[in-house]
Amino acid sequence: MMLRQSKLLAASALLAAFAFAAPLAAQTTVPGYTPGEERPEDFPEGQGRDETFYACIACHNFKLIAAQGLTRNAWDDTVTLMTQRHNMPAIEGAEREVILTYLSTAFPPKQQRGWKNPFN
């Protein structure tokens, strides 16, 4: 009986420690970083910016999108992948065209720096 009580006491202490530590971890900040919410206005202007922003931030931050730099075909493949593999609601028709145009215009392929393989 004593062993069972000590296990229950240990489990209770562990739960209390997690309950106390979780809010502290959430309050931890990185020096020089001020958390803030992303807004469509923080990204390049253009037709489709708001539609694209709100379609993407349902699952991840928009800075991830801005860092990609893809061709229109690659953006199209990415939207298809997100729909098929990650259960993103399907974007079709005129809405898809607006989003693809914004992505390919605002975040085109990045220029390669340094050595380039001549056989690609």
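Here region 55-120 yields Rg over Rh of 1.03, to two decimals, using C-alpha coordinates and the Kirkwood radius. Of the GluC sites (Glu not before Pro) found in region 80-120, those that fall in a DSSP loop while having at most 14 other beta-carbon atoms within 10 Å are E92. Sites listed here are chymotrypsin sites (Phe, Trp or Tyr not before Pro) in region 77-120 whose DSSP assignment is loop and whose Cβ has at most 10 other Cβ atoms within 10 Å: W115, F119. Protection proxy ranking of 70-82, 37-49, by the mean of other Cβ atoms within 10 Å over each peptide's residues and highest first, is 70-82, 37-49.
Taking the Cα centre of each part, how many Å lie between region 93-116 and region 52-81? Here the answer is 9 Å between Cα centres. Legend: calculated FRET efficiency, E51 to K110, from the Cβ-Cβ distance at R0 = 22 Å, rounded to 0.05, equals 0.40.
Each reported figure results from applying straightforward, stated rules to the coordinates on display, with no laboratory input. Values in this document were obtained by computation on a predicted structure and should not be read as measured data. Heads up, the Cβs are rebuilt from the backbone with ideal geometry, glycines too, and the neighbour counts pull from every protein chain shown.
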